[in-house]
Amino acid sequence: MAECLWFLFYDKKLLLLEEAKQFHGIPLSERAPLPSESRIHDLGHFQGIPCKALHIAVIPPEFPCALTDLRASYDILGRELYLLAGKGSQLIHWDCSTQFCSWCGAKTHAATPLSKRCAACGREFFPLLATAIIVLVRKGDSILMVRANNFRGDYYGLVAGFLEPGETLEECVRREVHEETGLAVKNIRYFGCQPWPYPNNFMVGFTADYASGSICLQEEELCAGQFFPRNALPNLPPPLSLARQLIDWWLEHPEDQPPLR
Ligand SMILES: [Zn+2]
């Protein structure tokens, strides 16, 4: 049996071992370091090593470990291991939230690694993602930054929001900017995307240019928002976010369009 990297989650937190220094606390062993009755999820490989995720119901008091918030684990693990941890977190969330059929209430069982089937009515359930857009709006040498009421830190972010049924991503960008700030935008271009496992979102990033209107904030969602010039930006969102990647890219390439992917 090959050694695996084990992403163990307890109460939505990632379990790290102090002695597992080689992989920043992710345990490396043939078998799971703690017993669990939950399903083992395959996450792919890291440096050729198979990676697996598991939900732990109980941690023995003598077990030497620390529990880390998934967001905070980015600074400890680095991007590649953090993305694997995020994948594990999403799969565990999906597994836990689809124990029973949402149509008839019967128990579901695993059909494939990424699907479950209802034992009674046969309906299938796959991991669902909630798609959201995030957009960097430029106006001359400034960008539009906002503070949402639910932000945890003292930073400003970019306009973001969930895709609605029947909508294209570009329509979502126009609608969210207009709903949140009252502005119209043009020249919408794809920038990049990333999983956002809180708990099951998928972020798609865009750039756009200011077209018309004056700022009128949607107060139910935002407590502040304005155009900030590049030499007077407020506190920026954390590096793991697509918002920060957009802002960092703009700071380096103020005149450019996003790169082809
Ligand atoms: Zn059913």
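Annotations for the structure displayed:
- Considering only alpha-carbon pairs that sit under 8 angstrom and 6 or more positions apart, the relative contact order computed for the chain is 15 percent.
- Whether segment 130-252 is rounded, prolate or oblate, judged on the alpha carbon gyration tensor where a/c under 1.5 counts as rounded: rounded
- Candidate cross-link partners of K12 among the lysines, defined by an alpha-carbon separation under 16 Å and a same-chain spacing of 8 or more, comprise K52, K87.
- Annotation for E171 and H45: the two label points, set 7 Å from Cα along the Cα-Cβ direction, are 4.3 nm apart.
- Neighbour-limited loop hits for trypsin sites (Lys or Arg not before Pro), segment 150-197 (at most 16 other Cβ within 10 Å; DSSP other than H, G, I, E, B): R152
- Segment 215-253 and segment 79-103 have Cα centres spaced 29 Å apart.
- Antiparallel DSSP beta bridges within the chain, percent to nearest 5: 75
- For segment 178-188, backbone phi angles converted through the Karplus equation (6.51, -1.76, 1.60; θ = phi - 60°) give residue-by-residue couplings of 5, 5, 7, 10, x, 9, 9, 10, 9, 6, 6 Hz, Gly and Pro being listed as x.
- Applying 1/(1 + (r/R0)^6) with R0 = 35 Å to the Cβ-Cβ distance of R71 and K186 gives a FRET efficiency near 0.55.
- By accessible area, using a 1.4 Å probe on protein heavy atoms only, segment 4-97 has 53% of its surface on carbon and sulfur.
- Principal-axis tilt of helix 79-97 within the chain, Cα atoms, nearest 10 degrees: 70
- Using the Cβ-Cβ distance between K21 and L233 with R0 set to 51 Å, the FRET efficiency from 1/(1 + (r/R0)^6) comes to roughly 0.90.
- Taking a ≥ b ≥ c as the square roots of the eigenvalues of the alpha-carbon gyration tensor, the chain is classed prolate because a/c is 1.5 or more and a/b outweighs b/c.
- Phi to ³J(HN,Hα) by Karplus 6.51 cos²θ - 1.76 cosθ + 1.60 over segment 252-259, Hz, x for Gly, Pro: 7, 10, x, 9, 8, 9, x, x
- Accessible surface, per residue, of the chain when the full set of protein chains is kept, probe 1.4 Å, Å²: 53
- The phi-based Karplus calculation (6.51 cos²θ - 1.76 cosθ + 1.60; θ = phi - 60°) puts the 3J(HN,Hα) values of segment 231-243 at 8, 9, 6, x, 4, 9, x, x, x, 6, 8, 5, 4 Hz, whole numbers, x for Gly and Pro.
The values are calculated or read from the model by the stated rules, or taken from the named source; none is laboratory data. It should be emphasised that the depicted structure is a prediction, and the values quoted were computed from it without experimental measurement. No Cβ is skipped: glycine too gets one built from the backbone with ideal geometry, and neighbour counts run over all protein chains shown. Accessible surface is based on the protein model in full, side chains and every heavy atom, while ligands, DNA and RNA are left aside. Shrake-Rupley method; radii C 1.70, N 1.55, O 1.52, S 1.80 Å.
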